[in-house]
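So the structure is just underneath, and the comments pick up after that.
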């Protein structure tokens, strides 16, 4: 994950409360309650220097998890090695 992507995720932290509660959609997980509702959809566009798509696996997984945790519809991704 690039530094820019990490900064993006870190800057969304103010939209949640600082305590944890049981996730209403996934009872086995904890979550921060959302204090501010932002966008409802999210899309990933990423470029990289390696020719194989496998190098994006962890980024795509992280981004999908982020979308699910933030209750956003994940629209997909465009990946360009």
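The values are calculated or read from the model by the stated rules, or taken from the named source; none is laboratory data. Note that the structure is predicted; figures quoted are calculated from it, not measured. Positions of Cβ are generated from backbone atoms using ideal geometry, with glycine treated the same way; all protein chains shown enter the neighbour counts.
Filter the stretch 31-47 down to residues that are in a strand (DSSP E or B) and either exposed (fewer than 11 other Cβ atoms within 10 Å of the Cβ) or touching a helix residue (DSSP H, G or I) at 6+ places or on another chain (Cβ under 8 Å) (or both), then give me how many there are. Residues in the stretch 31-47 being in a strand (DSSP E or B) and either exposed (fewer than 11 other Cβ atoms within 10 Å of the Cβ) or touching a helix residue (DSSP H, G or I) at 6+ places or on another chain (Cβ under 8 Å) (or both): 8 in total. If I go through the stretch 1-24 residue by residue, how many of them are closer than 21 Å to residue 44 by Cβ, part of a loop (DSSP other than H, G, I, E, B) and at pLDDT 85 or above? Residues that pass the stated criteria total 1. For the stretch 58-73, filtered to residues that are within 21 Å of residue 48 (Cα to Cα) and touching a residue at least 12 places away in the same chain (Cβ under 8 Å), the residue that is farthest from the chain's Cα centre (by Cα) is 58.
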